[in-house]
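Notes for the one structure printed next.
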Amino acid sequence: MGGVPSADALGQCGLQHDDDFPRAIEKGVRYANITIIEGIGASQYGIGWLAHDIAEIVLRDERAGVIPVGVI
């Protein structure tokens, strides 16, 4: 992330990078849309939110290293 290995970045935040970490991230990203649908009954809000985040990153030149996006 931003040129820093994920294990080092997590260590700086007091988190541990173990074998379950990549699976936990994948699960969170993969099922985020389902969580949104269950919470508010529609997925277009999740799509709109993602479009907003991407536009903000580009317009503010935030140089985001990772943008979580799930596809099922």
Restricted to region 23-37, and to residues that are touching a Gly at 6+ places or on another chain (Cβ under 9 Å) and under 17 Å from GLY48 (Cβ atoms), which residue is surrounded by the fewest Cβ atoms within 10 Å (Cβ to Cβ)? THR35
Failed criterion for GLY2 (all others in (1) at pLDDT 75 or above; (2) touching a Lys or Arg at 6+ places or on another chain (Cβ under 9 Å) hold): (1)
Answer from GLN12, GLN16 - the residue that is modelled with pLDDT of 80 or more and more than 17 Å from the chain's Cα centre (by Cα): GLN12
State the number of residues belonging to region 3-22 that are open to solvent by less than 70 Å² (accessible area, probe 1.4 Å) and either under 19 Å from GLU62 (Cα atoms) or touching a strand residue (DSSP E or B) at 6+ places or on another chain (Cβ under 8 Å) (or both). 3
Listed by first then second residue, the pairs whose first member lies in region 13-32 and is more than 27 Å from ILE47 (Cα to Cα), whose partner is outside any loop (DSSP other than H, G, I, E, B), with beta carbons under 8 Å and at least 6 positions apart or on separate chains, are GLN16/LEU10; HIS17/SER6; HIS17/ALA7; HIS17/LEU10; HIS17/GLY11
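The values are calculated or read from the model by the stated rules, or taken from the named source; none is laboratory data. Values in this document were obtained by computation on a predicted structure and should not be read as measured data. Methodologically, a virtual Cβ is constructed for each residue, glycine included, from the backbone with ideal geometry; neighbour enumeration extends over all protein chains shown. Surface areas here come from the heavy atoms of the whole protein model, side chains and all, with no ligands, DNA or RNA. Shrake-Rupley method; radii C 1.70, N 1.55, O 1.52, S 1.80 Å.
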